[in-house]
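One structure below.
The values are calculated or read from the model by the stated rules, or taken from the named source; none is laboratory data. Remember, predicted model here, so these are calculated numbers, not experimental data. Cβ coordinates were reconstructed from backbone atoms using ideal geometry, including for glycine residues, and neighbour counts include every protein chain displayed. Accessible surface areas use protein heavy atoms only, side chains included; no ligands, DNA or RNA. Shrake-Rupley method; radii C 1.70, N 1.55, O 1.52, S 1.80 Å.
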Amino acid sequence: MQKLSSSFKNMLISLTLICGVAAALLAFVNDSTKETIAAGNQKTLVEGIQNVTPPFDNDPYADKVEVEMNGDLYNIYPAKKGGEPVGAAIESLSHDGFSGDIRILVGIDVKSTIINYTVLQQSETPGLGAEMDGHFRKEGTGSNVLGLSLLEQLRVKKDGGSVDAITAATISSRAFLGALNNAEAAYQKAVSENLIK
């Protein structure tokens with residue numbers, strides 16, 4: 001077999017073949033795993049809904065309502081017991097994080113009191129802003145948002161509010177509280193549009 005000469009044309013053909021095979025393999029792996037990944041994501045979200053809302057007997061995931069605000073889509077999962085609303089889990093976000101978007105799942109009752117939350121996505125500084133998952137639920141501190149009402153905007157003390165920011169991470173703290181406030185705005189919009197009954 002004769003060795004191919006090292007010409008631009010031969011290198012281009014070789015690279016094209018290698019890239020084509022790699023792309024085909026990646027497409028195959030992506031196609032064969034997307035259903036498994038989607039099922040895993042759904043299971044994680046359903047467990048998250050159970051962790052942040054009051055007890056319910058409906059299927060909030062199946063009863064999902066979508067609300068658009070300022071170009072962003074908010075998913076609301078209404079929780080009901082005996083056919084009556086008891087609260088909701090809201091996927092919310094803020095674009096104002098120190099290192100990018102912050103996405104949370106927050107659970108509220110029908111009076112807009114925060115039951116619990118979980119951070120779905122954040123890329124804040126480790127050891128500082130990334131501490132938001134635990135910082136805002138510390139009992140007996142001024143940083144605990146659990147049990148607070150979202151009917152009034154939550155703000156950090158530095159901005160005249162009542163919530164202690166994460167030390168040296170005020171921007172991340174503002175963004176987290178902004179995501180909570182956005183969740184309430186989305187919930188109220190869904191209620192006013194009769195999407196939640």
- [ ] List nothing, just return the count: lysine pairs in the chain, 8 or more apart or interchain, with Cα separation under 23 Å.
- [x] 22
Open item on the list: I need the shape label for region 49-150. Rule: rounded when a/c is under 1.5, else prolate if a/b > b/c, else oblate, with a, b, c from the alpha carbon gyration tensor.
Closed with: oblate
- [ ] Figure the gain on full extension for Lys9 and Leu146 (residue separation times 0.36 nm, minus the Cα-Cα span) and round it to one decimal in nm.
- [x] 42.8 nm
TODO: Can you send over the carbon and sulfur percentage of the accessible area for the chain, probe radius 1.4 Å, protein chains only?
DONE: 56 percent
Open item on the list: Taking the 0 to 90 degree range and rounding to the nearest ten, how far is the long axis of helix 170-192 tilted relative to the main principal axis of the chain, both from C-alpha atoms?
Closed with: 70 degrees
- [ ] Could you provide, to the nearest whole Å², the per residue accessible area of the chain with probe 1.4 Å?
- [x] 59 Å²
Task: Net dipole in debye of the chain [+1 Lys, Arg Cβ; -1 Asp, Glu Cβ; about Cα centre; nearest 20] - done: 520 debye
Open item on the list: What do you get for the angle between helix 8-52 and the principal long axis of the chain? Use alpha-carbon atoms, 0 to 90 degrees, nearest ten.
Closed with: 20 degrees
Task: Pair Lys197, His95: separation of 7 Å Cα→Cβ label points (nm) - done: 3.4 nm
Open item on the list: Name the residue from Gly161, Ala88, Gln122 whose Cα lies farthest towards the positive end of the charge dipole of the chain, charges +1 on Cβ of Lys and Arg and -1 on Cβ of Asp and Glu.
Closed with: Gln122
Task: Packing rank of 110-117, 11-18, where each peptide gets the mean count of other beta carbons within 10 Å, highest leading - done: 110-117, 11-18
Task: Charged-residue dipole, Cβ positions (Lys, Arg, Asp, Glu), region 103-157 about Cα centre, Debye nearest 20 - done: 120 debye
Task: Highest to lowest packing among 164-173, 185-194, 146-155, scored as the average C-beta count within 10 Å - done: 164-173, 185-194, 146-155
Open item on the list: Quick check: residue separation of Ala24 and Glu139 times 0.36 nm, minus the Cα distance between them. What number comes out in nm?
Closed with: 36.2 nm
